[in-house]
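For reference, the structure is listed below as C-alpha cells.
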Amino acid sequence: MSMDQHRIAAETIRLLAKMRAARPLVQNITNFVSMDIAANVLLAAGAAPAMVHAPEETPEFVRRASALVINTGTLSLPWAQSMDVATTAARMHGTPWVLDPVGAGGTQFRDQTIQSLLRHRPAIIRGNASEIMAVARACGLMREDDPAARPRGVDSVHSTAEAELSARKLARHCFCVVAATGAVDVVTDGERLVRLANGSPLMERVTALGCGLTSLIGAFAGLGEDPFLAAIAAIAVYGVAGDMAAEIASRPGSFRTAFIDALDAIGDTDIRMRLRSS
Amino acid sequence: MSMDQHRIAAETIRLLAKMRAARPLVQNITNFVSMDIAANVLLAAGAAPAMVHAPEETPEFVRRASALVINTGTLSLPWAQSMDVATTAARMHGTPWVLDPVGAGGTQFRDQTIQSLLRHRPAIIRGNASEIMAVARACGLMREDDPAARPRGVDSVHSTAEAELSARKLARHCFCVVAATGAVDVVTDGERLVRLANGSPLMERVTALGCGLTSLIGAFAGLGEDPFLAAIAAIAVYGVAGDMAAEIASRPGSFRTAFIDALDAIGDTDIRMRLRSS
Amino acid sequence: MSMDQHRIAAETIRLLAKMRAARPLVQNITNFVSMDIAANVLLAAGAAPAMVHAPEETPEFVRRASALVINTGTLSLPWAQSMDVATTAARMHGTPWVLDPVGAGGTQFRDQTIQSLLRHRPAIIRGNASEIMAVARACGLMREDDPAARPRGVDSVHSTAEAELSARKLARHCFCVVAATGAVDVVTDGERLVRLANGSPLMERVTALGCGLTSLIGAFAGLGEDPFLAAIAAIAVYGVAGDMAAEIASRPGSFRTAFIDALDAIGDTDIRMRLRSS
C-alpha cells in the first residue's frame, strides 16, 4: 500500500508542527565528523540535541531522551560498547532508537558491531543504498553479490532502486522501518513503501548530511507515532529544505549554510508546494 | 557593589585590546561538538587555541598555556581523567582555569566528575542557569529543588534571574567567579554582581556557542588580571558580537558565519555604543 | 633543480583533473578539531574522505584506500596506537601515506609518537615551519636551537624560509617529500625545491585549514604519481582557492564558506592566471 503525495505532505506538515512544539530531546552517539552538523540540523529544525556516549551515564540519560540515534561512523571498540549499553537501555525503557549503519559492508568489525546492535531492535534504520544492501546481506537475507560492487569507502555505489528488495526484507526481518536514501529516497516497513524525490546533489558534497538526516529522523521518531510516518516526514522535510537551499547556493560551502537556514525557515507551504513522491 | 555601564564598556575595550595584543594560548579539553566552533571563536577574537587532552602531555603543555578551559560535554571516563590531570597541573603552575559544567545535574557521573574537578579551584565557572543551580545544589549550597524543574538535556530550563542566589553562593564556596549566561548574563564573585543583556536568541540555535564563550573567557582569564573583570569582558564582547551578527543574519546557519565575522570585526565603538548592563 | 611557474601550473591542472576523475578514497586519522573541515575540503575538491581509526578495522580499510593521512593533533595513546597500526598496514600494502606532525616540538609525547611513525616511511610530510624544524631536530639533523624560539602552541613562530634547510635534510633523511607551508610554501624532496606564494593570511584565522591541506595532499598522493608533484599540485590548488576566497570574503567566518566554495569552483584558468611560484 502506497501513500499519495497529498497525504504525505499533510502528514509531514502535521508532524513537523508537532515536533517543533514538543522539542524532543535526541541523544546521539554519532561519529566525530558529524557531531557539529548533526547538532546544528536538530537545533535548526526545532529539536534538542544531546551528544552523550559514556557507559557510566548513558542508561540514566536514555530514560529521559525522546529518542536515541546510533551512528557507526568513526567506530571504535569503546564506542561500540557505549552503543551496546545505550541500545540495551533504550529497549528497556521503550525509547525508540534509530540506526545509521555508516560503512556497513566495509569491514568485518563494522558488520559485526551492526549485527550485534540489531538484536536491540531499532525502530528505524537509515543508510545509503549500499549500506542497506550490506546490512541485509550480513543478516543472510540476500545472496552474496558481486564483490566488485561493494563500496570502497562510506559512499554508496548503488542506487536506491537497487536497494528496494533489501530494504523490504530487512524491514520484515527486523520488524522495523528501513530507509535507503539517495537521489530517490525509499522508506518501507516491509509492507508499505514510499519513494520521495526531493533534495539536491549538493547534499552529497557536504560531509555528514546523511548523518544529520538520521538524527532528524530520531527527532520525529521521538514523537511516539508510527515510525513509518516519522521516517517519511523527516526525510520529506530534509529533502524540501535541500531544494530550498539549492535555490540560494550552488556550491558546497554556501550550500551548507543555506541548508541549515532552510531547516529553520521551512514551513507548510514549502512542503505542500515542493514535496515530490512516487 | 555593582559597576556602571560606562566602566564595564571601558574595561571591556581595554581588556579586548590587551587580549588581542597578547594572543594568549588557551588549552581546551572540550567536547567533540564544540571542537570546531570553540577554536574558531578563539581565532576570530584574536586568541590562540590548542586542543590538547592526553594525560601523557597535558602537564607539560599546561605550563606554557595562558589558561586552561575544561568543558564536561561528551564526557567519558578517560576524558574525566585527563581533566583531573590537567587541572592538577594548572593548579601547580598557577595557570588559571575555567570550568564549563555542561550537563550538570543531568547524571550522577556528570555531577561526580564536576565535584571532583572543583577541588582543583577553577578561577571562573560559566554555565547556563540550570547548570549553575545544579552545581550549587551538588555542593550542598541549595536545598533539593523540584526534580520536575531539572533539565532534560543540556539546555537550561531556568532563567538566570533564578540562578543568582546559586551563583553567589557557589562563588563564595569555591572562591571563584561564577557566570550564569542566558538572555541576561549574571557574573558574580560572591560580592560584586553584574548583569549584561546583549546577544541574540539565535545564539541558542547554533550548537556549542555557550562552549565557545567559555573558551573566550579562558582567553581573557589568561591575561592575569581580576577574573571578575575577565569574565565580564569576554561575555560583553560575545554578546555585542551576537547583536552585530543578528543585524546581518536572521537564521542559524548564516548567523553562525556572521557571528564569527563579528568576533573579528568588533571594535571599541561597537562595545561603547551597544553594551547593555544593569 | 627548480621548476618554472609555467610547468607547475600545467602539472597542477593535469593532476587536479586526474584527481577529480579518479575521486581517490582518502582515509584520515586526524584530530577532532579538523574532522569536519578536512572532510569538507576533500569533498569540495573532488575526493572521497573516510575517517576510520579503529585498530580492529584499519588494516582492512587501508588496503582499499588510495592514500592514508595521519595527523597528530588532539593526540592520545589509543590514537597513537591506531596510527601505528594504520601506517604499518599502509607500508605493507604500498598505500602512500602523508604525515601532518601537528604540535611537533611541543611535548615529548608528541615527538616520540612522530619519531615512531617515521619508521613506517611517509611519502610526504607537511607541517608549518616550526613543526618541520622540530621534526628535523628530533631526528638529530639540526642542532638544538634557541628554546625561546620554540612554539608555545600549535602555531608556527618561524617563517618557512628559516625551515628550508631543515626541510631538505628531513626529506633526505626520510627519503620522502617535505612541505613547510606558510605565507610562502616550500616543497622539497631533498634535491628539488619549489616555493609557492598563493593564499591569504585569513587561512590562519580559520581552524584546521592546515590539516585540511594535508588531507588534500593525501588525495593527490593517492594518484600514484611522483609525490613531489602531488604535494606541489595540492598546495597550489589550496593556495589559489585561498586567493579566490579572499576576493569574496574578508573575515574568517565568511572566508571559511567562500574557501570551500572555491575548492569546488577552481578551474584551469584560475590556476594558470593566479599561480605564483619562485
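Read-outs throughout are calculated quantities, based only on the coordinates presented, and are distinct from any laboratory measurement. Being a predicted model, the structure only gives us computed values, none of them experimental. With ideal geometry, Cβ positions are generated from the backbone for all residues, glycine too; neighbour counts draw on all protein chains shown.
Residues satisfying the criterion are absent from the range B:71-88 (criterion: of a type in the set (A, V, I, L, M) and within 25 Å of B:Asp264 (Cα to Cα)). Summed over the range C:215-242, the residues that are free of Cβ contacts under 8 Å to residues at least 60 places away in the same chain and surrounded by fewer than 20 Cβ atoms within 10 Å (Cβ to Cβ) give a count of 1.
If the condition is being outside any helix (DSSP H, G or I) and on the phi < 0 side of the Ramachandran plot, then the range C:207-259 contributes C:Thr207, C:Gly222, C:Leu223, C:Glu225, C:Asp226, C:Glu247, C:Ile248, C:Ala249, C:Ser250, C:Arg251. Residue count for the range B:92-130, restricted to those that are under 21 Å from A:Ala54 (Cα atoms), among the charged types (D, E, K, R) and touching a strand residue (DSSP E or B) at 6+ places or on another chain (Cβ under 8 Å): 1. Looking for something in contact with a helix residue (DSSP H, G or I) (Cβ under 6 Å, 6 or more places away or on another chain) and without any contact (Cβ under 8 Å) to a residue 24 or more places away in the chain - is there at least one such residue anywhere in the range A:101-121? Yes, there is a match, as at least one residue in the range A:101-121 is in contact with a helix residue (DSSP H, G or I) (Cβ under 6 Å, 6 or more places away or on another chain) and without any contact (Cβ under 8 Å) to a residue 24 or more places away in the chain. So for the range B:91-108 (the condition being at the interface with chain C (Cβ under 9 Å from one of its Cβ atoms), surrounded by fewer than 24 Cβ atoms within 10 Å (Cβ to Cβ) and more than 21 Å from B:Ala179 (Cβ to Cβ)), does at least one residue qualify? No, that holds for no residue. For the range A:31-48, taking the residues that are touching a strand residue (DSSP E or B) at 6+ places or on another chain (Cβ under 7 Å) and under 16 Å from B:Ile37 (Cα atoms), the one that is surrounded by the fewest Cβ atoms within 10 Å (Cβ to Cβ) is identified as A:Leu43. Filtering the range C:245-278 to residues that are more than 14 Å from C:Gln5 (Cβ to Cβ) and more than 11 Å from chain A (Cβ to nearest Cβ) leaves C:Ala246, C:Glu247, C:Ser250, C:Arg251, C:Pro252, C:Gly267, C:Asp268, C:Thr269, C:Asp270.
For every residue, the table says whether it meets (1) surrounded by fewer than 24 Cβ atoms within 10 Å (Cβ to Cβ); (2) hydrophobic (A, V, I, L, M, F, W, C); (3) touching a helix residue (DSSP H, G or I) at 6+ places or on another chain (Cβ under 8 Å).
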position: C:Leu170; (1), (2), (3): no, yes, yes
position: C:Cys174; (1), (2), (3): yes, yes, yes
position: C:Asp189; (1), (2), (3): yes, no, yes
position: C:Leu202; (1), (2), (3): yes, yes, yes
position: C:Arg205; (1), (2), (3): yes, no, yes
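The strands (runs of 3 or more DSSP E) falling completely within the range C:24-89 that include 1 or more residues that are more than 9 Å from chain A (Cβ to nearest Cβ) and touching a helix residue (DSSP H, G or I) at 6+ places or on another chain (Cβ under 6 Å) map to C:25-29, C:67-71.
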